[in-house]
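Here the structure comes first, spelled out in structure tokens, and everything after it is commentary.
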Amino acid sequence: MNLQRLSPRPPTPRLPASSARAEAGKQEAVSPRDTLINVAMGSGLALGTANLAAQVVSAGSLPAAAATGALALGCGVAGWVAADLASGFFHHWVDNYPRPEDRVLGDLAYSFQVHHHKVTDLSEPPLGTNLAQTGQLTALPMVLGALVNPPAAMLAGLIGFTGAAYLLQGSHRWSHENNPPPLVRKLEALGVIQSREDHMAHHRPPYKGNYCIVNGMWNPILEKTHFWRGWEKLIYRCTGAEPKCWRDPAVKDFSLGSIDEATMNRRVRENSKDFLKLDKRDFEQMQQVFLARHPEQAK
Ligand SMILES: [Zn+2]
Ligand SMILES: [Zn+2]
């Protein structure tokens with residue numbers, strides 16, 4: 001692992017990889033499929049927001065409009081907060097459980113886990129390609145929600161949740177860039193999107209924490225309570241499935257209650273090199289399975 005890439009942002013601004021590629025004339029275009037997804041999602045968000053504003057304005061009286069607006073704002077924020085938690089469950093699952101042989105889920109897991117081995121991968125394609133990764137899941141519900149135009153609280157919650165989920169890989173990309181746009185730095189500072197510092201904790205082997213990647217607001221409480229270890233134990237007891245992070249036996253032992261936190265942390269540090277070797281070998285096998293299914297991706 002290149003620890004230099006994972007250190008705090010250096011004081012000297014450097015071009016993000018995407019800009020460097022653009023300067024070199026190598027920036028690839030957003031595919032027609034991804035463009036369609038982004039246009040659909042953008043249209044859904046615009047129509048939904050316009051409908052929401054119309055509901056607030058037509059509430060009847062000024063107090064009623066203020067109450068509707070406040071309720072909508074609260075539900076929008078709740079949607080954003082819920083999306084961060086949902087991103088944690090999703091990320092924890094794709095990092096730990098899918099088998100490479102599973103066609104759709106294996107591809108999804110590969111697209112996430114390749115990032116542990118090449119942290120600059122998100123900055124190589126255009127931003128529109130990053131956004132379309134989750135946009136393919138959020139565009140349809142957002143467009144349908146905007147067309148149906150439910151009550152303000154529901155519509156605002158939908159905008160908050162799908163908007164945050166759509167932005168997820170953009171936020172993730174920026175958290176790895178040395179010189180993101182100034183607006184991004186402001187949003188990071190305000191806690192609207194994830195900060196670099198919060199996300200870098202996820203990239204420490206054995207990739208066992210800080211799975212929430214919208215703004216990471218759930219990460220401190222989930223880490224403090226060892227939520228993911230308990231969740232892994234529950235899944236193990238119910239299905240027998242072991243997460244990938246248990247390939248560091250200290251994590252498994254802690255999850256199953258046979259060692260304390262201090263012992264786990266000490267053993268994780270000691271096991272780090274062995275874990276990375278194992279993870280590299282495992283990833284190469286995963287890559288072989290993926291490229292056998294997608295020979296066009298082999299370069
Ligand atoms: Zn991950
Ligand atoms: Zn990352």
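No value in this document is a laboratory result; all are computed from the given coordinates. Because the structure is predicted, anything quoted here is derived from the model rather than measured. So basically every Cβ, Gly included, is an ideal-geometry build from the backbone, and we count neighbours across all protein chains shown.
Please report how far the C-alpha centroid of region 170-204 lies from that of region 260-278, rounded to the nearest whole angstrom.
Cα centres, region 170-204 to region 260-278: 27 Å.
Once the piece of chain linking Ala262 and Arg103 is laid out straight, how much longer is it, given 0.36 nm per residue of separation minus the C-alpha distance between them?
That works out to 53.3 nm of additional length.
Given Ile221, Ala46, Gly60, which one lies farthest toward the positive end of the charge dipole of region 32-297, if we put +1 on the Cβ of every Lys and Arg and -1 on the Cβ of every Asp and Glu?
Result: Ile221.
For the chain: lysine pairs with Cα atoms under 17 Å, gap of 8 or more or different chains, count?
Close lysine pairs under the 17 Å cut-off: 18.
Please report Arg229, Arg33 as a ranked list, fewest other C-beta atoms within 10 angstrom at the top and most at the bottom. Write down the numbers at each step before the final one.
Working: Arg229 23, Arg33 10.
Arranged by neighbour count, lowest to highest, Arg229, Arg33 become Arg33, Arg229.
Putting +1 on Lys and Arg Cβ atoms and -1 on Asp and Glu Cβ atoms, find which of Leu108, Leu276, Pro182 reaches farthest to the positive end of the dipole of the chain.
Leu276
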